[in-house]
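Enquirer: This is the structure, below, for whatever I ask next.
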Amino acid sequence: MSGTQRDNDEWVRRFHPADSAGVRVVCLPHAGGSAPFFFPVSAALAGNQDLDVLSVQYPGRQDRRDQPPIDHLPTLADQVFEALRGWADRPLVLMGHSMGAVIGYEVARRFEQAGDGAPLGLIASGRRAPSVYREEAAHLLDDQRFIGEIRALSGTASSLLEDEELVRMVLPALRADYKAIETHEPATEPPLRCPIGVLTGESDPRVSVAEARAWREHTTGGFHFRSYSGGHFYLNDHQEAVAGAIADYAAEFVKEAANR
């Protein structure tokens, strides 16, 4: 796939292209999230010429709002995997927040199973390990309670959720994403061969520090862990630190790959 074709890829956004970088960092948004959520991270890493930061745009939002959102996580992971194969001419680091962490895990499994450009590593942010189960069914709530659930996580600006027209626009994608993640049962075997780095908020109501550390069980490679003050969207208050952690993890993944 040519560079021009890739830059026109509907799945991928490159806010600060680094054409000479040796590693691509692929950012995968949370439920209801869109590619620009990672713009600050991309901007913070723009001076690091070793990393080309990509951000994935799921169907059903922003410039893809005319496309139906996908409410089945394996299907979404399949499509993200196919899209990213065209970017695997350089080693990939998959970085996902919340639902994006699970998509990253599933995409990493697909790369390893295919033996096709296996990722250097996975960075899982704001999500409990696949082996940790919590029963959740917010996607079945009526609109008012569903929006309240989202507002409680502080992931979407209150002004957005108070604008009825905007809510009508984003609600289908939100509900589809929540259904996708809440009905998904990730496979826990075999573990990934690539290393895993974890980032988490110390007061996240959706994942305890112990549940985040349980990602260690899902790799035969290295494991790295950092926690920050804050809740589910801790990274909004720690953009520079999170960007630094991503760069550090990517460097560690490169070293581990060289030693394998």
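Coordinate-derived values only; no laboratory data. These numbers were taken from a predicted model, which means no experiment stands behind them. Please note: Cβ atoms are built from the backbone with ideal geometry, for glycine as well, and neighbour counts cover all protein chains shown.
Enquirer: Arg134: net charge of surrounding residues, Cβ under 13 Å, Lys/Arg +1, Asp/Glu -1, itself excluded?
Expert: Values: positive: Arg127, Arg128, Arg206; negative: Glu135, Glu136, Glu182, Glu185, Asp204, Glu211.
Local net charge: -3.
Enquirer: Exposure proxy check: Val23, Val93 ranked by fewest other beta carbons within 10 Å? Don't jump to the answer; show the numbers that get you there.
Expert: Details: Val23 22, Val93 28.
With the sparsest Cβ surroundings first, the list reads Val23, Val93.
Enquirer: In segment 161-260, how does Rg compare with the Kirkwood Rh, expressed as the Rg/Rh ratio over alpha carbon atoms? If you can, show how the numbers build up before the last one.
Expert: Numbers: Rg = 16.9 Å, Rh = 16.0 Å.
Taking Rg over the Kirkwood Rh, I get 1.06.
Enquirer: Also: Can you give the percent of C-alpha pairs in segment 3-259 whose distance is more than 32 Å? Don't skip to the end; give the middle numbers.
Expert: On the way: 4801 of 32896 pairs.
Considering segment 3-259, 15 percent of its Cα-Cα pairs are separated by more than 32 Å.
Enquirer: I've got another one for you. Of Phe111, Phe223, how do they rank once you tally other Cβ atoms within 10 Å and put the fewest first? Could the numbers behind the result be given before it?
Expert: Numbers: Phe111 20, Phe223 14.
Exposure proxy ranking, most exposed first: Phe223, Phe111.
Enquirer: With label points built 7 Å along Cα→Cβ from the Cα atoms of Ala46 and Asp248, find their separation and express it in nm.
Expert: 2.4
Enquirer: Cα-based Rg of segment 215-260 per 2.2 N^0.38 Å, rounded to two decimals? Write down the numbers at each step before the final one.
Expert: On the way: Rg = 12.7 Å, N = 46, 2.2 N^0.38 = 9.4 Å.
Rounded to two decimals, the normalised Rg is 1.35.
Enquirer: Can you compute the modelled spin-label distance between Asp19 and Glu136, with each label point 7 Å from Cα toward Cβ, in nm?
Expert: Those two pseudo-labels are separated by 4.1 nm.
Enquirer: Also, I was wondering about something else. Report the gain in length on full extension from Asp66 to Ala187: 0.36 nm times residue separation, minus Cα-Cα distance, nm rounded to one decimal. Show your work: numbers first, answer last.
Expert: Working: separation 121, 0.36 × 121 = 43.56 nm, distance 3.16 nm.
That works out to 40.4 nm of additional length.
Enquirer: To continue, here is another question. Ranked by Cβ crowding within 10 angstrom, fewest neighbours first, how are Arg260, Arg61, Arg127, Arg193 ordered?
Expert: Numbers: Arg260 8, Arg61 22, Arg127 29, Arg193 14.
Placing the least packed residue first, the sequence is Arg260, Arg193, Arg61, Arg127.
Enquirer: Let me ask another. If I model segment 1-143 as equal point scatterers sitting on the Cα atoms and use the Debye formula, what is log10 I(q)/I(0) at q = 0.08, 0.15, 0.16 Å⁻¹?
Expert: Per q value, in the given order, log10 I(q)/I(0) is -0.21, -0.74, -0.84.
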